[in-house]
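So the structure is just underneath, and the comments pick up after that.
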Amino acid sequence: MKFIVRPLEVILEEEHTLLQLSSRLMRRKAKIKGRLGPGPKKPHHLSERWQDLTESEIADKRITLEEAAKMVPDGSHLFWGGFGFQRAPIAFAHELVRQKKRDLTIYTCGSEVDLEIMVGTGVATHFDIAFTAIEALGLANNMRRRVAEGKAQVEDYSNLAMAMRFLGGALNVPFMPIRSMMGTDLVRLSRYRGDKKLKVIDCPFTGEKICLVPSAKPDFSVVHVQRVDQTGNAQIDGIVGEDLEGARCGKKLIVLAEELIDEAEVRSRPDQTKIPAMYVSHVVVAPFIAHPMMCHNYYDYDLEHLQNFHKMTKTEEGWQDYLDNFILGVENHYDYLNKVGWDHLMGLRAKKPWGY
Amino acid sequence: MAKYTKIEFLTAVASTHVKDGENVFGGTGLPLLAALLAKETHAPHANLLSEAGFIDARPKNVPLSVADSRYYYGSSASIGLIETLGFILQAGRIDVGFLGAAQIDEYGNLNTTYIGPFDKPKVKLPGSGGGNDIASSAKRLIIIMTHDKRKFVKKLDYLTSPGHLEGPGSRKKWSLVGGGPSVVITDMCQFDFDPKTLKIRLMSVHPGVTVKDVLDNVMFDVIVPERVPTTKEPSQQQIDIMHRLDPHGIYLAKGGE
């Protein structure tokens with residue numbers, strides 16, 4: 001046998017096409033039979049023993065990034081995963097922009113470049129959030145402009161308040177009590193939620209003041225993880241932020257992952273599963289989903305790109321330039337990665353044992 | 001006498017407020033450097049946490065984000081937000097929180113959300129993040145700000161994080177877990193709070209700064225005690241450690257801002 005060395009981008013693109021084909025094939029088969037029989041042509045990388053598996057085990061939830069974004073109707077409410085610079089679903093934000101989605105409401109504790117992209121394009125106009133900036137780099141310029149223009153509204157909460165709203169949604173209770181926000185304008189002032197933003201009450205048991213925040217049950221949860229199997233069992237490395245609660249509070253959960261692993265890997269280390277498949281509606285596998293942000297154990301943030309992004313968003317013209325160049329000017333996520341450049345991307349890959 | 005920049009001075013002063021063995025929310029930027037400096041000098045057993053989920057962190061390189069992977073290696077645990085802001089902070093287990101702000105009033109209440117009227121904001125600032133949670137529930141709060149008259153206001157454009165609210169009794173009225181701000185450090189001086197009125201009080205002025213300079217640069221009345229000492233300057237050892245912690249000058253190179 002002869003091995004030919006191919007450039008990584010070619011391999012990744014082939015894998016991408018194969019994934020699309022195999023997931024389509026499997027869904028068509030599932031539709032015809034309900035239970036899969038031996039197919040005429042099995043995608044070569046799928047397990048040989050799939051004939052022996054039960055129906056739930058063979059569920060292949062993989063779809064493409066394009067298909068995932070297509071499911072989100074205008075005006076939907078989305079839990080948005082990732083925290084700070086970590087595991088931001090940037091590729092999904094890009095795809096929502098390319099598909100010209102409008103008027104989404106975003107729920108998250110703190111997100112940064114992804115919110116800038118969505119608010120800058122009008123993809124999202126309402127934000128139930130605690131924080132947005134590019135942290136050490138400075139203010140969120142697009143958010144600042146759109147809020148000043150009256151084109152975006154932020155319903156302000158604290159980080160703990162948002163995390164507890166997701167926990168409440170995941171637990172299927174209407175509200176959660178917290179000890180933050182009382183005495184401040186976070187309680188006194190509200191926007192589109194009006195008097196449903198929160199309530200401060202006297203505790204019926206102790207009589208002390210307590211703040212009730214309404215549970216969040218958005219239409220979708222979008223969470224970016226390191227690894228997933230085809231049924232949706234998801235592994236997260238590093239910190240989880242508020243993603244465990246957030247993943248479980250949406251009506252549908254889309255998991256984006258850097259790497260596809262076999263179910264055997266999941267079952268050999270079940271304690272690594274942070275989101276079990278039973279919560280997951282769809283799975284998207286693609287590399288460098290968070291670029292220019294980071295993904296622990298996979299790649300570091302791209303400081304040069306981030307600084308450039310922050311600089312360009314200081315003016316509307318600069319932002320439109322960035323948008324035309326990196327988001328609208330490319331066909332898909334792979335085209336974006338080509339534009340950023342594979343040499344550059346490979347330079348961001350994490351080194352052991354640091355994770356960045 | 002050691003030579004130092006404004007930012008090095010602020011960092012050194014802030015670090016002196018961390019005591020050994022305390023549980024500290026460091027965040028990023030100058031507060032993080034201050035906490036790390038404290039650990040390297042007088043408070044080796046300080047437990048540094050990041051709200052994203054890192055516990056007892058000993059980062060090798062300075063993180064740019066509270067969720068930065070640079071926080072991961074060397075931490076004793078890497079969990080999530082309900083762990084840090086809920087189980088740990090809200091349950092009263094944090095001794096010290098650091099916060100900055102765009103505006104502060106005489107009770108140490110902070111604005112990090114909007115400049116301008118709420119209905120038509122001129123500038124959208126980052127928002128609370130974990131700031132309100134930390135100000136509500138940390139046993140004490142250290143506030144760090146660059147000194148600018150427009151930041152020390154009689155009335156905040158937006159009250160994001162609670163200081164001593166309207167004075168004595170008001171934190172208790174809202175059942176807040178923590179004790180509120182204990183010190184405000186600027187590049188001109190340090191303030192603490194008068195125990196009777198809970199209003200801001202001049203604590204020390206930095207070398208070369210007069211009491212009048214400070215009073216000219218705030219928009220509210222400041223309680224001035226009879227004797228106002230001069231803030232201690234950083235040692236060469238402290239400055240060397242800072243530069244070892246931040247060799248690329250990610251935070252130190254920013255100078256006055």
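Just a few scattered comments:
- Computed over every Cα-Cα pair of the protein assembly as shown and binned at 20 Å starting from 0, the pair-distance distribution P(r) comes out as 20, 52, 24, 4, 0 percent.
- When the charge dipole of the protein assembly as shown is built from unit charges on Cβ atoms (+1 for Lys and Arg, -1 for Asp and Glu) and taken about the Cα centre, the candidate among A:Q272, A:P292, B:T231 whose Cα reaches farthest toward its positive end is A:Q272.
- A helix-only calculation puts chain B at -5000 deg cm²/dmol for mean residue ellipticity at 222 nm, using -39500 (n - 2.57) for each DSSP H run of at least four residues, averaged over all residues.
- Remark: spin-label model distance A:K251-A:V173 equals 2.4 nm, labels positioned 7 Å along the Cα→Cβ axis.
- Cβ-derived FRET efficiency at R0 45 Å, B:L215 paired with B:K120, nearest 0.05: 0.85
- Rounded to whole Å, sorted largest first: equivalent-ellipsoid semi-axes of the stretch A:175-214, Cα gyration tensor: 18, 11, 7
- Test item: Cα-centred dipole of the protein assembly as shown, Lys/Arg +1 and Asp/Glu -1 on Cβ, debye: 1080 debye
- Cα point-scatterer Debye curve for the stretch A:216-330, base-10 log of I(q)/I(0) at q = 0.21 Å⁻¹: -1.09
- Charge-dipole axis of the protein assembly as shown as Lys and Arg at +1 and Asp and Glu at -1 on Cβ define it, positive-most pick from A:T64, B:A101, A:Y301: A:T64
- Counting all C-alpha pairs of chain B, share separated by more than 22 Å (%): 54 percent
- By the count of other C-beta atoms within 10 Å, a proxy for reagent exposure, A:I261, B:I142 are ordered fewest to most as A:I261, B:I142.
- With a cut-off of 20 Å on the backbone N, the residues of the stretch A:79-108 near the modelled label site 7 Å out from A:E66 along Cα-Cβ are A:90-102.
- Of the peptides A:238-245, B:104-111, B:46-53, B:5-12, the ranking by mean beta-carbon count within 10 Å, highest at the top, reads A:238-245, B:46-53, B:104-111, B:5-12.
- Under 16 Å, Cα to Cα: Lys pairs in the stretch B:96-231, sequence gap 8 or more or different chains: 7
- With the simple spin-label model, which puts each label point 7 Å out from Cα in the Cβ direction, the B:H45 to A:R191 separation comes to 4.7 nm.
- Remark: B:D148, B:D95 ranked as B:D148, B:D95, counting other beta-carbon atoms within 10 Å and listing the fewest first.
- Rounded to the nearest 20 debye, the dipole size of the stretch B:211-257 about its Cα centre is 160 debye, using +1 on the Cβ of Lys and Arg and -1 on the Cβ of Asp and Glu.
- Remark: B:V66, A:V119, A:V200 ranked as A:V200, A:V119, B:V66, counting other beta-carbon atoms within 10 Å and listing the fewest first.
- Here the spin labels are modelled as points 7 Å beyond Cα on the Cα-Cβ line, and at A:Q320 and B:T146 they lie 3.1 nm apart.
- Peptide-level mean, for B:77-90, of C-beta atoms on other protein chains within 10 Å: 6
- Comparing B:V66, B:A52, A:S215 along the charge dipole axis of the protein assembly as shown, the residue lying farthest to the positive side is A:S215, per the Cβ-charge model.
- Pairwise FRET efficiency - A:K311 versus B:S204, Cβ, R0 = 30 Å, nearest 0.05: 0.20
- Taking the stretch A:58-84 and a reference point 7 angstrom along Cα→Cβ of A:D335, the backbone N atoms nearer than 13 Å belong to A:66.
- Computed magnitude of the charge dipole of the stretch B:96-231 (debye, nearest 20; Cβ of K, R +1, Cβ of D, E -1): 280 debye
- Using a Förster distance of 30 Å, the FRET efficiency for A:H344-B:A253 (Cβ separation, nearest 0.05): 0.80
The numbers here are math on the coordinates, done by the rules we state, and not lab data. The structure displayed is predicted, hence computed values, not measured ones. All Cβ positions, even for glycine, are placed from backbone atoms using ideal geometry, and neighbour counts span all protein chains on display.
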